[in-house]
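Input: a single structure, listed below in structure tokens.
The values are calculated or read from the model by the stated rules, or taken from the named source; none is laboratory data. Note that the coordinates shown come from a computational prediction; the quantities given were computed from them, not determined experimentally. Here Cβ is always computed from backbone atoms with ideal geometry, including for glycine, and neighbour counts include all displayed protein chains. Heavy atoms of the whole protein, side chains included, go into the accessibility calculation; ligands, DNA and RNA do not. Shrake-Rupley method; radii C 1.70, N 1.55, O 1.52, S 1.80 Å.
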Amino acid sequence: MNREWWKALIALMWLALPLIALRYWLAWDRLPARLATHFDAAGNANGWMAPEKSLTFALVITTVMVVVFTIVLTQVRKGEAFSRGMLGFSYVLVGVMVYANESILRYNLRGNPVHPWPVLIAVVIASGALVVGILGTKRGTNLSCTNVMAEEVHASGFWSLVLGVPAGVELLVTAMSRNMGLRIGMGVGAAVLLLAATLAWSGFRYIFSDAGLEIRTFGFRLQSIPVDQIREYAADRWSVTGGYGIRGLGDCRAYVWGNKGVRIKTGTGQVFLGHRDPQRLLHDLDAIKRFAH
């Protein structure tokens, strides 16, 4: 996809704002003084706003979304799996906002039922596709690890607990609540937290071999670095502001659950490997570099 088409697709998202405003303007004289603007999973209204507040809220939320997506999409490398996934994810969420506001207007004008399930399904599918795109980007080729020289694991029981406790609380609320919307929201949130807690407990596995370095989790290969691509490496600190888990996009990636590790400079970017004892990783990297020579 060339640069001009990419810019055009990003700009096209901004049409959501005048489209939402136009739909409100066309129906303004027929809108009730209080609009039903929030619905439970069964489509029953449980929240109301004045038309002015409803329009302002819709435009502000959509503007924030479009601005964020525009910034991200102008920074990514076009043609990568992540860039395509992010573009699709952006269009789905902006489309959801347009669809949601159209549904609100039709409910208040004609009593048409509101169906939240298509929105939930679309968001879940788009989120899954985005995650797959992120994990599938910059993985490198599968190394032929005929001689594994060392394996290290970087996990965190602390973060597993921090993420697991609120997940348990959300599961309890989900089981006790009679509000279907709350149960769906809490259930999805609990599933995400449980997945993150399990990832922290299982950790990242670093496999050092004569072919290079592989980073895995749950048996899935996250990234491969051939030994001839490893240029420099040194112990380094990780800032809490950078977050934990799988971090970074494009040429810079981090796999970290703590504040210590090793930063590797490759022929295509940088990789940060978290570990409690960075010296062990340095020793393993020295070993595979010596073997290569």
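Considering each of Ala211, Ala235 in turn, give the residue that is surrounded by 18 or more Cβ atoms within 10 Å (Cβ to Cβ), in contact (Cβ under 8 Å) with a residue 24 or more places away in the chain, over 29 Å from Pro166 (Cβ atoms) and among the small types (Gly, Ala, Ser). I'd like the intermediate steps shown before the answer.
Values: Ala235 fails: surrounded by 18 or more Cβ atoms within 10 Å (Cβ to Cβ).
Going through Ala211, Ala235 in turn, the sole match is Ala211.
Exactly one condition in (1) among the aliphatic types (A, V, I, L, M); (2) open to solvent by less than 30 Å² (accessible area, probe 1.4 Å); (3) at pLDDT 85 or above is not met by Leu87; state its number.
That leaves (3) as the condition not met.
I'd like the residue in the range 121-153 that is open to solvent by less than 40 Å² (accessible area, probe 1.4 Å) and at pLDDT 90 or above and, out of all such residues, is farthest from Ser209 (Cα to Cα).
Among residues in the range 121-153 that are open to solvent by less than 40 Å² (accessible area, probe 1.4 Å) and at pLDDT 90 or above, the one farthest from Ser209 (Cα to Cα) is Glu152.
Please count how many residues of the range 17-55 are without any contact (Cβ under 8 Å) to a residue 60 or more places away in the chain, hydrophobic (A, V, I, L, M, F, W, C), part of a helix (DSSP H, G or I) and surrounded by fewer than 16 Cβ atoms within 10 Å (Cβ to Cβ).
5
Do any strands (runs of 3 or more DSSP E) entirely within the range 154-230 hold 1 or more residues that are at pLDDT 90 or above, over 17 Å from Phe272 (Cα atoms) and touching a Ser or Thr at 6+ places or on another chain (Cβ under 8 Å), and if so, which? Let's see the steps before the verdict.
Values: elements: 204-209, 212-217, 220-226.
By residue number, 204-209.
Tell me which residues, restricted to the range 1-16, are open to solvent by 80 Å² or more (accessible area, probe 1.4 Å) and either modelled with pLDDT of 90 or more or of a type in the set (Val, Ile, Thr) (or both). Steps first, please.
Within the range 1-16, the first condition is being open to solvent by 80 Å² or more (accessible area, probe 1.4 Å), and the residues that meet it are 1-5, 7, 12, 14-15.
Passing the criteria: Leu12, Trp14, Leu15.
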